[in-house]
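What follows is one structure encoded as structure tokens, with my remarks underneath.
Every read-out reported here was derived from the displayed coordinates using simple, explicitly stated rules and does not represent laboratory data. Here the structure is a predicted model, which is why all the values come from computation and not from measurement. When we count neighbours, we look across all protein chains shown, and the Cβ atoms used for this are built from the backbone with ideal geometry, even at glycine.
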Amino acid sequence: MTLTQSLLTIAVLIATSAFFSLAEICLAASRRLRLRQMADEGDARAERVLRLPHAEEYETLAGFLMIMLRRVPKRTDSVTWAGYTFEVIDVDSHRIDQVMVTRSAAATAGR
């Protein structure tokens, strides 16, 4: 493969990567707009999701836990937020496999 072909291949790969990154950003933005619309219509669950701390920094429950713990979670790590406790049950390498979500005692008592 010549230098020109190699450079052309790299340029095509960069353009393809940019396309998919932009598509992902658009999808995330449309989800946020839909959540805002649902919250404006009175959906309490959507309002709760919009109040998540640092919500722009993650897309998944695993990302939420990493942001809240400020590190990769380990088995038995837990985070309490808005009356719920999120406990990491199983981790495979750096991937969270299972999380148990329970309502905290204070939230249950106020019910």
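With contributions of -39500 (n - 2.57) from each DSSP H run of at least four residues, the per-residue ellipticity at 222 nm computed over the chain stands at -17500 deg cm²/dmol. Could you give the angle, 0 to 90 degrees to the nearest 10, between helix 3-40's Cα long axis and the longest principal axis of the Cα atoms of the chain? Result, in degrees: 30.
The local environment of LEU35, defined by Cβ-Cβ distances under 14 Å, has a net charge of +1 under the rule Lys, Arg +1 and Asp, Glu -1.
The loop-placed trypsin sites (Lys or Arg not before Pro) in the stretch 35-71, going by DSSP, that have at most 12 neighbouring Cβ atoms within 10 Å of their Cβ come out as ARG51, ARG70, ARG71.
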